[in-house]
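Working notes, structure below.
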Amino acid sequence: MEHTVSYLGLIPLFPLLGALILGVMHISTCTGKPFSEKLYGVLGCIGPVISFIYALIVYFQLKGMPADSRFLIHDAFTWFSVGDLHITMGFLADPLSSLMLVFVTFIGSLIHIYSVGYMSGDENFGKFFSYMNLFLGSMLILVLGSGPVVMFVGWEGVGLCSYLLISFYCKDTDNVLAGNKAFIVNRIGDLGFVLGMAFLFWAIGASGFDYLSLRENSHLLTPGIGLVVCLLLFVGACGKSAQIPLYVWLPDAMAGPTPVSALIHAATMVTAGVYMVARFSFIYAHVPVAGAVVAWIGILTALLAAIFGMFQHDIKKILAYSTVSQLGYMFAGVGVAAYSAGIFHVFTHAFFKALLFLGAGSVIYALHHQQNIWKMGGLKEKMPKTYWSMLIGALALAGFPPFSGFFSKDEILFSALASGHTGIWFIGVAVAGITAYYTFRLIFVVFHGQPRDKKAFDHAEDAPAVMTIPLMVLAFGALCAGFLNLPGIFGGNLNVSHWLAPSLVEHHPHTSLTVELLAMALTIAIIVTGIVIAYKKFASGAEEPEYTGFAKFAYNKFYVDELYNTVFVQPYKAIGSVIWKSLEPNVTDIHVKVSSWLYRKAGTGFKIFQVGYVRVYAVYMVIGLSIISLLLSQSLN
Amino acid sequence: MIQNYLILSVILFCIGILGVVSRRNVLIVFMSIELMLNAANLAFIAFSRFHESMDGHVLALMVMAVAAAEAALALAVVILLHKHKGKLDTDVFSLLKG
Amino acid sequence: MFAEWLFAAFSILAVLGGIGLVTFRHPMNSAMSLVVTMISLAGLYALLSAKLIFAIQLIVYAGAIMSLIIFIIMFLNVRTEDLPEEKGRFLYLFGGVVVLAPVFFFLKKIIQSIPATKATILGDGFGGIKEVGLVLFKDWLLPFEIVSILLLVALVGAVVLAGKRRMSK
């Protein structure tokens, strides 16, 4: 088997091993003197870096194979067998997962290195790196899994780690609540994923439940079941990738340390949903209705999150909503069957979003955990390295040519237009303008104008090299990643799309060049307009405005959290407390109470035999002997 | 013939049990146990005689060795008990009372 | 005929010694009764041609172990007023006899079901030191060694239990 390589399983193993070692080290020293941060840092970064090297090896090995049979598999062991269902702990590397693999490990490694600087001085330094390694390891299992079940292991793993890391500063109740929220909302999505998986198995899973067999059997899927499977899987994706209506956890996830936000938003976790939809492209391609639902939910999420993003004041929340918005774009892309465009946006987004978060982290670090942008200002002079790299990230996020975001976003919008989803295209263009506006609102308020908090401003400076070097590397990526998939009209040949093609089921629609150029020009015009408006309003130092009317409504996120709270959370709690107070003690626990009462009474009854005198116990023995003798001598005759 | 020896053995054994269950003096309880061991020895020797095999003798020797070991330990325990409470009464020690 | 008389005498002495053991109040009296039983048993062993066991019963049991017990009784210097008051001991003994009666009759029944065999004439060596020793060291070597370890353990245990302890913290 030329496709079998045994090192594939090692890729997730290294970070997991790192997590184990760091965790044991942390636990063993949690009462005494902890190990040095240097040791933790080195051990924490080594796993991701080795995984990255292996990811590159996988990539080059795939590159050396013929395009139509590019895949590597490694079945580590049979996990369990139930009847016809044989689940192996298998790993599959094909063009799609290798692309994910390379950038997940690359950006993950950079974030780990950055964290060494960001987290220095934290008492739970070791715990942090242990969780981070576990997070990355889970994501790698998710990406590399050879079937939906193995993917689900990673899926749950990242859910768990997001909970652990969001509530990392667990002494503050709000952070723990944010972690709970992320976990519970993810559970709702996971339920969809599990149900979808079950339906898929029921329909076509009998002859092998991994992607390769499923893909071969996908024509057996009836449209009805296909729609159900697609929608249920998309519920899972909604939970993990923060789409309407399950996006509420992601902005709250900002409670965690900033590198965690970068990891969640850029490399791991939220991209899982998009990856999953692309992975199941062979099913989605059969069910255009499901694709349309995905695309519309995606683009509406993009719009909603962009509107929220316009009015936030917390630097990380702005970025969080921009992530939700960009994820919406990705879903719009995969929804209109432009899977490679969606995945490419995941790829470029990983660079510039990691860059923006790490830059924001540097700003927060420099200002001693100040996150309100209306307390910043004029930081351009003090933090030039951070400013320039964040500017690149912002331009990429806004989709300004020739930064990476432009190419991937344009690819999605163009696919939407070309496949006839004019409504999606129109909203997408509008969202691009809003994105440009709120991104540069952030840049201008934070870095331009006059310092609003003089004292903090005076102490601000660029972070140490361990933090700025990852920033620069990411800035380079954000600048150049787009050229990897240069479309035909710029003389490129869509390298990434061609690379991904064997893993996906998609067709590239064609329209006239004029339409393509016109659409592109319109997008650019809108983006420039957004930037200009932001410049006019904020570049020369605006003060925090009083929001009224619609703005206030949007500032409060359309009161969606409050709505969910009243409609779902409170009734659920009320039902729970009714069950807890009346049903449980009086009905379900009754047999437990009766039997415990019985045992207690019997115990007190038998206690009288326990007189404590040795000879009395001997008497019991003799009495027993006597009775046995009586019985036996009856039978002896 | 052998029946007589065995019945004597049973009688002695029962007297030993009587001593264990009805007396409170630690030393007498201990000696009753010795009596029971001796009764068992008698049965061994009797069987040995009538089966004309000497394995019973060997077993009797072993019982004696065990009895010697038991005597050493039991007397040490008796000394300790006496040191603690100044009494030889088994009913003083009733820590197992429920 | 002579042997039957001897058996009757020894067995009556043994039973009387046992009864004395469980009825006397003072442990010293009980111990002396036990010595009587032991010596009678030694006689019975001699009647059963167990020469070695006869000797060991006299030397080790009636001699060493009993003198150890008596030594301990004297060492503890038990006075009559220190002894537990056992007013109801005859009542207890009577109750014990009632409870044990079924056991006794059950065992008796079993013993009487054994076919009666006349004592055969034995060869010269039966029960002698050499013959028992051969059996002991040929067929019973492993149990013998285990018993020796048991004795060692008991020795150490006795020292630990009864020895003077250093004041623990």
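Couple of notes before you dig in:
- Local electrostatic count at C:P102 - Lys and Arg +1, Asp and Glu -1, tallied over other residues with Cβ under 12 Å: +2
- C-alpha long axis of helix A:10-28 to longest principal axis of chain A, angle in °: 60 degrees
- Net charge of Cβ neighbours under 12 Å - reference A:G378; Lys, Arg +1; Asp, Glu -1: +2
- Two-decimal log10 I(q)/I(0) for the range C:62-142, as the Debye equation yields it once each C-alpha is a single scatterer, q = 0.17, 0.21, 0.23 Å⁻¹: -0.98, -1.01, -1.05
- Other protein chain Cβ atoms within 10 Å, averaged over every residue that makes up A:618-625: 5
- Dipole magnitude for the protein assembly as shown: about 2560 debye, using +1 per Lys or Arg Cβ and -1 per Asp or Glu Cβ, origin at the Cα centre.
- Measuring r between the beta carbons of A:T222 and A:S36 and using R0 = 45 Å, the FRET efficiency lands at 0.15.
- Rounded to 5, the percent of DSSP beta bridges in chain A classed as antiparallel: 90 percent
- Applying a threshold of 28 Å to the alpha-carbon distances of A:K601/B:K87; A:K385/A:K536; C:K118/C:K138; A:K409/A:K536; A:K557/A:K581 flags A:K601/B:K87; C:K118/C:K138; A:K557/A:K581 as lying beyond it.
- Placing a pseudo-label 7 Å from each Cα along the Cα-to-Cβ vector at A:L513 and A:L212 gives an inter-label distance of 4.2 nm.
- For the range A:562-636, the Stokes-Einstein estimate of translational diffusion at 25 °C and a viscosity of 0.890 mPa s comes to 138 µm²/s, using the Kirkwood hydrodynamic radius over alpha-carbon pairs.
- Among A:L598, A:L631, A:N586 - extreme Cα towards positive end, dipole of the range A:562-636, charges at beta-carbon: A:L631
- Per-residue ellipticity at 222 nm computed for chain C from its helices equals -23000 deg cm²/dmol, with DSSP H segments shorter than 4 residues left out and the rest contributing -39,500 (n - 2.57).
- Per-residue average of Cβ from other chains inside 10 Å of C:19-31: 5
- Per principal axis, descending, Cα span of the range A:450-579 in whole Å: 61, 54, 38
- Prolate/oblate/rounded label for the range A:62-158 (Cα gyration tensor, a/c 1.5): oblate
- At R0 = 41 Å, FRET efficiency that the Cβ-Cβ distance of A:S582 and A:Y620 yields, to 0.05: 0.30
- Size of charge dipole - the range C:128-169 - debye, nearest 20, with Cβ of Lys, Arg +1 and Asp, Glu -1, no other charges: 540 debye
- Diagonalising the gyration tensor over the Cα atoms of chain A and scaling each eigenvalue by 5 before taking the square root yields semi-axes of 50, 32, 26 Å, largest first.
- Taking amide H as placed 1.01 Å from N in the peptide plane, A:L72 has its amide H under 5 Å from the amide H of A:A93, A:D94, each at least 5 places away in sequence or on another chain.
- Of all accessible heavy-atom area on the range A:351-555, the percent that carbon and sulfur account for (1.4 Å): 66 percent
- P(r) of the range C:128-169 over all Cα-Cα pairs, binned every 5 Å from zero, in whole percent: 6, 19, 14, 15, 12, 11, 8, 7, 4, 3, 2, 0
- Accessible area per residue for the range B:2-89, computed on protein heavy atoms with a 1.4 Å probe, is 29 Å².
- Counting only protein heavy atoms and a probe of 1.4 Å, the accessible surface of the range B:1-62 is 70% carbon and sulfur.
- Positive end of the dipole of chain A (Cβ unit charges, origin at the Cα centre): among A:F128, A:F568, A:G612, the Cα lying farthest that way belongs to A:G612.
- Base-10 log of normalised Debye intensity for the range B:2-89 (one unit scatterer per alpha-carbon) at q = 0.18, 0.21, 0.23 Å⁻¹: -0.81, -0.97, -1.06
- Here the sum of -39500 (n - 2.57) over DSSP H runs of 4 or more residues, divided by the residues of chain A, equals -22500 deg cm²/dmol at 222 nm, to the nearest 500.
- Placing pseudo-labels 7 Å out from each Cα toward the beta carbon at C:R79 and B:M1 gives an inter-label distance of 5.5 nm.
- Projected over all directions and averaged, the alpha-carbon convex hull of the range A:351-555 occupies 13.3 nm².
- Carbon and sulfur %, accessible surface of the range C:2-127 computed with the full protein complex present, 1.4 Å: 75 percent
- Protein heavy-atom accessible surface, 1.4 Å probe, per residue over chain A: 41 Å².
- Phi angles across the range A:217-230 convert, under the Karplus curve 6.51 cos²θ - 1.76 cosθ + 1.60 with θ = phi - 60°, into 3J(HN,Hα) values of 8, 5, 6, 6, 6, 6, x, x, 4, x, 4, 4, 4, 4 Hz, Gly and Pro given as x.
- About its Cα centre, the range C:2-127 has a charge dipole of approximately 280 debye under the convention of +1 per Lys or Arg Cβ and -1 per Asp or Glu Cβ, with nothing else charged.
- Förster-model FRET efficiency, 35 Å R0, A:I590 and B:L95, C-beta, rounded to 0.05: 0.40
- Mean-position separation - Cα centroids, the range C:51-98 and the range A:91-136, in angstrom: 80 Å
- Computed over chain A: relative contact order in percent, which uses C-alpha pairs under 8 Å that are six or more apart: 12 percent
- Shape call, the range A:18-107: gyration tensor on alpha carbons, a/c limit 1.5: oblate
- Positive-end residue, the range C:2-127 charge dipole about Cα centroid, Cβ charges, pick of C:F24, C:P84, C:A50: C:A50
The values are calculated or read from the model by the stated rules, or taken from the named source; none is laboratory data. Keep in mind the model is a prediction, meaning the values are calculated, not measured. Reconstructed Cβ throughout: ideal geometry from the backbone, glycine too, with neighbour counts over all protein chains shown. For the accessible areas, the whole protein counts, side chains as well, though only heavy atoms, and no ligand, DNA or RNA atoms are used. Shrake-Rupley method; radii C 1.70, N 1.55, O 1.52, S 1.80 Å.
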